[in-house]
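Single-structure report; data block below.
Throughout, read-outs are computed from the coordinates displayed, never taken from laboratory work. Values in this document were obtained by computation on a predicted structure and should not be read as measured data. No Cβ is skipped: glycine too gets one built from the backbone with ideal geometry, and neighbour counts run over all protein chains shown.
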2 protein chains.
Amino acid sequence: MIIVESIKEAKEIIREKKRRGLKIGFVPTMGCLHLGHISLIEKARKLSDYVVVSIFVNPTQFGPNEDYDKYPRTFEQDKIMCEIHNVSMIFHPSVQEMYPQNFSTFVEVTGQISQVLCGAKREGHFRGVATVVSKLFNIVEPDVAIFGQKDAQQAFIIKKMVKELDFPIEIVVSETVREEDGLAMSSRNNYLSKEERAIAPLIKKALDEAEEAFKKGETKAEILKKKVEQIINSSPLFKIDYVEIVDTENFNPVDEVSSESLLAVAAFLGKTRLIDNLILKK
Amino acid sequence: MIIVESIKEAKEIIREKKRRGLKIGFVPTMGCLHLGHISLIEKARKLSDYVVVSIFVNPTQFGPNEDYDKYPRTFEQDKIMCEIHNVSMIFHPSVQEMYPQNFSTFVEVTGQISQVLCGAKREGHFRGVATVVSKLFNIVEPDVAIFGQKDAQQAFIIKKMVKELDFPIEIVVSETVREEDGLAMSSRNNYLSKEERAIAPLIKKALDEAEEAFKKGETKAEILKKKVEQIINSSPLFKIDYVEIVDTENFNPVDEVSSESLLAVAAFLGKTRLIDNLILKK
């Protein structure tokens, strides 16, 4: 496994691999790797010959009052996990390398898909994501890139961006990996106090109950959302940021779940913002 | 020479050429090819093995009151010129192919570089340019792409975009080709009446005089611009859109030409908007 910090060097090495006919698999991350990331890496290994993992806490996707500074950085540990899981290259650039002075080019997926859910709550977040992912795609030139279903809106936005900008890249979205008690794996789980951690699985429990009601025939979005809200609000430690159901085709809120829909939740546990989601499909 | 209208087909053919180790050269155009384009094609041929010319009148770079509908389309003639000049592929997609329903992803080089000169006069123009060029780059995957110095601001913006989004592409900017009387070649010259065409070279004459004054030691932007304006305004048919001198590093207007600067002109002759420019360098 090699660790590369320079864009130029990463490009040269990857070009050489491509010349030799190797298929490049790519997993973009912000580090603090957990089993969720490992499942993405394993998927990339199955689908390619040379797996690149980027580790870069991207400042442009954090709002001014968000957790950029305190976001966990655990590079030494990440390195070991990548080594164990047969990653070929860690791309680990500095902020200065990625955003030199006077940087001012942005990629943005506009419209409803970026304006609801986390897009409504985290201004500029998805523009930051689309921009850094475009840069990483141009550096790594992957044949296939793997994203997690946990960040469902991000995955939809990246798929739309790739389709509309014609990136020659296959996007694979991989299932959410969970702790034994159901909590979706996330680097931000590290922020939780013992008490918060103990009740964090309520989000998954709420999604499960909504799914069960949906399977039993409940299609009214109001009722499904209320069920989720009630369960999460059963702990006073939670503060719901949003509970929404949107059509996955156009991200418009739905009243009645008829086509494929995304039930998405964001909730604060203390200062920690957790997200999770569920696809509702007949 | 092959003519390809489908994005998927173009990608497949180019991938196969790249697998065989051929270097791809790319000239993006809106068609109505003239000797200016031919010089770009010749440059691409020198620098690559497989030359792709795109012919696409890109609606997203035209403002609502601009000439999208009447922009000249001369595909049959363009085809012959490409054939003669040994182009390997013409990529000629439809608007529907490039911008399917609900398209909403944009690439934008923000800041001063896009806000002055044509950026101030043609709202959204450079966002349209950056978006379509990003798409074309992802489809054609060129090793080298050639742009004309006539569209100087566009060339600077594309170079900044390529650098900041890390496109693995070399950008070459090729000198403006002129008619014998000095008029910069442009598809829009076709719009000019006989009378307008006769005085159109005044723009180049004005630039030449400014250059001469600069070479003789005049560095005050006000004086250089006034000289240009006076010469162009010597014909009542002209209506100046702008005459500006900006630093090529940051596109800030300059009072005194000390570092490399761009003297740029846009002027209407009747309804036809012509542009031309000059690099001032000590």
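Within 10 Å of each residue's Cβ, count the other Cβ atoms and sort B:Thr60, A:Thr110 from fewest upward.
By the 10 Å Cβ count, ascending: A:Thr110, B:Thr60.
If I take R0 = 56 Å and measure r between the Cβ atoms of A:Thr219 and B:Glu180 in this structure, what FRET efficiency does the formula 1/(1 + (r/R0)^6) give, to the nearest 0.05?
0.15
With a cut-off of 8 Å between alpha carbons and a minimum separation of six or more residues, what is the relative contact order of chain B in percent?
In percent, rounded to a whole number, it is 17.
At a 10 Å Cβ-Cβ cut-off, how would you order A:Ile199, A:Ile55, B:Ile223, fewest neighbours first?
The fewest-first ordering by Cβ neighbours comes to B:Ile223, A:Ile199, A:Ile55.
Let's see if you can work this out: charge +1 on each Lys and Arg Cβ, -1 on each Asp and Glu Cβ, no other charges. What is the dipole magnitude of the protein assembly as shown about its Cα centre, in debye to the nearest 20?
600 debye
Once you have a ≥ b ≥ c as the square roots of the Cα gyration tensor eigenvalues for segment B:2-174, tell me rounded if a/c is under 1.5, and otherwise prolate or oblate according to whether a/b is larger than b/c.
rounded
For chain B, what does the helix formula give at 222 nm: sum of -39500 (n - 2.57) over DSSP H segments with n ≥ 4, over the residue count, nearest 500 deg cm²/dmol?
Numbers: 11 runs with 110 residues, N = 282.
Estimated from H runs of four or more residues: -11500 deg cm²/dmol.
Please report, in debye to the nearest 20, how large the charge dipole of chain B is about its Cα centre when each Lys and Arg carries +1 at its beta carbon and each Asp and Glu carries -1 there.
Numbers: 39 positive and 42 negative charges, 71 e Å.
Using only the charged Cβ atoms, the result is roughly 340 debye.
If neighbour count is taken as other Cβ atoms inside 10 Å, put B:Glu249, A:Glu141, A:Glu180 in order from fewest to most.
Fewest-to-most ranking of B:Glu249, A:Glu141, A:Glu180: A:Glu180, B:Glu249, A:Glu141.
Using the alpha-carbon centroid of each, what span in Å lies between segment A:234-269 and segment B:149-197?
49 Å
Out of the DSSP beta bridges found with both residues in the protein assembly as shown, what percent are antiparallel (nearest 5)?
55 percent
From the square roots a ≥ b ≥ c of the eigenvalues of the alpha-carbon gyration tensor of segment B:142-267, which class results: rounded (a/c under 1.5), prolate (a/b over b/c), or oblate?
Oblate is the answer for segment B:142-267, as a/c is 1.5 or above yet b/c matches or exceeds a/b.
Say R0 is 30 Å: what FRET efficiency, to the nearest 0.05, do B:Ser94 and A:Asp247 get from their beta-carbon distance?
That pair, B:Ser94 with A:Asp247, gives E of 0.60.
How far, in whole Å, is the nearest Cβ of chain A from the axis relating it by rotation to chain B, and which residue carries it?
Taking the axis that maps A onto B, the answer comes out as A:Val107, 3.
Lys and Arg at +1, Asp and Glu at -1: add these up for the other residues within a Cβ distance under 15 Å of B:Ile223 and post the number.
-3
Taking the Cβ of B:Thr176 as the center, what net charge do the other residues with Cβ under 10 Å away carry, scoring Lys and Arg +1 and Asp and Glu -1?
0
Checking the a/c ratio against 1.5 first, then a/b against b/c, what shape does the Cα gyration tensor give for segment A:2-48?
Because a/c hits 1.5 or more and a/b fails to exceed b/c, segment A:2-48 counts as oblate.
By a straight-distance test (C-alpha under 29 Å), which lysines pair with B:Lys226 as possible cross-link partners, with residues fewer than eight away in the same chain excluded?
The reachable lysines, counting only those whose Cα sits under 29 Å from B:Lys226, are B:Lys121, B:Lys150, B:Lys194, B:Lys204, B:Lys205, B:Lys215, B:Lys216, B:Lys239, B:Lys271, B:Lys281, B:Lys282.
Among A:Cys32, B:Gln153, A:Phe238, which residue has its Cα positioned farthest towards the positive end of the charge dipole of the protein assembly as shown, with +1 placed on the Cβ of Lys and Arg, -1 on the Cβ of Asp and Glu, and the dipole taken about the Cα centre?
Of A:Cys32, B:Gln153, A:Phe238, it is A:Cys32.
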